[in-house]
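First up is the structure itself, then whatever we jot down about it.
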Amino acid sequence: MQTKNDSTDPRSSSTFYERYHSLEDIYYWINRTAQDNPDKVKAILIGSSYEKRPLYALKLTLNNRPNKKAIWIDCGIHAREWISPAFCLWFVHYVSTCDLVSVDIANILDNMDVYVLPVMNPDGYKYTWTTNRMWRKNRSISRSSACTGVDLNRNFDANWCSEGVVSEGASHEPCTEIYCGAFPESEPESEAVANFLRLHKDTVQLYLSIHSYSQMLLFPYSCTLDEAENHNDLVSGLDRSVKPSIYPSVIRLLGKVGVFHSHNLAPGGSDDWAYNLGIKYSFTFELQDRGHYGFLLPPSHIAKACNEALLAVKTIANKVIEKTQSFPCPSLVTTANTLIV
Ligand code: 0X9
Ligand code: ZN
């Protein structure tokens with residue numbers, strides 16, 4: 001089992017982005033990245049965690065065109081899914097260092113700003129480095145129980161804890177891994193993200209939440225068997241664009257079409273909540289692998305997992321731009337079509 005951080009071995013030939021990093025390193029990296037790229041990257045404090053750690057999102061901007069839309073990406077809701085924060089770092093590095101003549105990402109940034117929250121659950125992440133590598137929840141102390149932590153992905157106001165309906169995917173019991181908390185947004189981490197998105201709901205068009213593992217792409221609803229109102233749009237557009245080249249046979253549909261959640265709804269998730277807020281393109285990524293290493297994905301697999309997800313994010317973002325913006329810049333059409341065939 002991966003109990004210690006083997007990524008700090010000075011003999012390791014991997015780059016910074018091919019290693020997992022402590023919370024302190026990530027805070028340092030956030031600062032440095034904003035400082036080194038003042039034109040493109042800005043750190044925004046969106047709130048703080050239960051243990052009072054700051055929640056910084058990075059805003060990536062290429063230009064100040066009026067009425068620009070935006071993408072939101074959060075990583076690290078679940079503490080033990082280390083590949084998720086690693087992906088946020090990978091993504092920001094890619095955007096901030098790539099030659100912006102390289103069309104795929106230039107198109108996206110030309111049309112949209114990107115908000116990236118590298119670690120949504122810093123207390124839990126810290127705890128996985130110091131005490132329990134397999135911790136999932138945040139670290140809030142319950143009033144009613146000796147057990148610690150709320151599953152932040154059950155704490156959003158989307159059929160929260162099923163509101164009376166029996167569900168195996170969320171629990172009122174604080175000692176479970178899927179404890180939904182005392183009430184919707186009871187946790188400062190989910191409240192901070194929800195507040196930020198409420199404030200920016202007219203600009204954010206694409207919501208992405210990065211998790212692991214199982215190499216799947218999930219979209220609303222997980223909190224009900226109902227289909228999303230634009231279900232066909234999500235399936236047909238994104239299925240064609242993402243499936244063949246990037247996530248082969250990986251889109252598993254929830255609700256009616258798939259089996260994944262048909263007997264196990266998972267209410268209170270951020271993707272469903274963002275969708276109900278009006279962000280009609282809302283996805284949860286479950287990054288690699290499919291279970292061999294699971295949450296303990298070795299650092300040598302980071303590049304492969306992140307590149308795969310990066311390609312999918314670019315494809316989806318281009319597709320969303322194409323569908324939602326009537327006059328995308330001319331180069332977009334070429335890029336999107338090239339990617340979609
Ligand atoms: O159960 C979850 O929160 C996610 N899977 S994980 O193994 N990373 O814990 C899936 C979330 C899917 N979306 C919702 N349940 N809303
Ligand atoms: Zn997760």
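Screening segment 270-307 for residues that are part of a helix (DSSP H, G or I) and open to solvent by 30 Å² or more (accessible area, probe 1.4 Å) and picking the one that is nearest to ligand 2 (Cβ to nearest atom) gives F295. Applying the set (1) farther than 28 Å from Y293 by Cα; (2) within 16 Å of ligand 2 (Cβ to nearest atom); (3) of a type outside the set (S, T, N, Q) to I108 leaves exactly one unmet item: (2). Reported count of residues in segment 170-194, each being touching a residue at least 60 places away in the same chain (Cβ under 8 Å) and open to solvent by 20 Å² or more (accessible area, probe 1.4 Å), is 4.
Counting only helices (runs of 4 or more DSSP H) wholly contained in segment 38-148, the ones carrying 1 or more residues that are open to solvent by 10 Å² or more (accessible area, probe 1.4 Å) and of a type in the set (D, E) occupy 103-111.
Is at least one residue of segment 22-36 at pLDDT below 95 and either in contact with a helix residue (DSSP H, G or I) (Cβ under 7 Å, 6 or more places away or on another chain) or within 16 Å of ligand 1 (Cβ to nearest atom) (or both)? Spell out how you get there, then give the answer.
Going through segment 22-36, the residues at pLDDT below 95 turn out to be none.
So far as segment 22-36 goes, no, none of its residues is at pLDDT below 95 and either in contact with a helix residue (DSSP H, G or I) (Cβ under 7 Å, 6 or more places away or on another chain) or within 16 Å of ligand 1 (Cβ to nearest atom) (or both).
Applying the set (1) touching a Cys at 6+ places or on another chain (Cβ under 6 Å); (2) more than 16 Å from ligand 2 (Cβ to nearest atom) to I210 leaves exactly one unmet item: (2).
Exactly one residue among A274, A336, A309, A303 is more than 30 Å from V150 (Cβ to Cβ) and modelled with pLDDT of 90 or more, and that residue is A303.
Set side by side, the residues L225, L208, L197, L253 differ, and just one is open to solvent by less than 40 Å² (accessible area, probe 1.4 Å) and at pLDDT below 95, which is L253.
The values are calculated or read from the model by the stated rules, or taken from the named source; none is laboratory data. These numbers were taken from a predicted model, which means no experiment stands behind them. With ideal geometry, Cβ positions are generated from the backbone for all residues, glycine too; neighbour counts draw on all protein chains shown. To get the accessible areas, we keep the full protein, side chains included, count just its heavy atoms, and leave off ligands, DNA and RNA. Shrake-Rupley method; radii C 1.70, N 1.55, O 1.52, S 1.80 Å.
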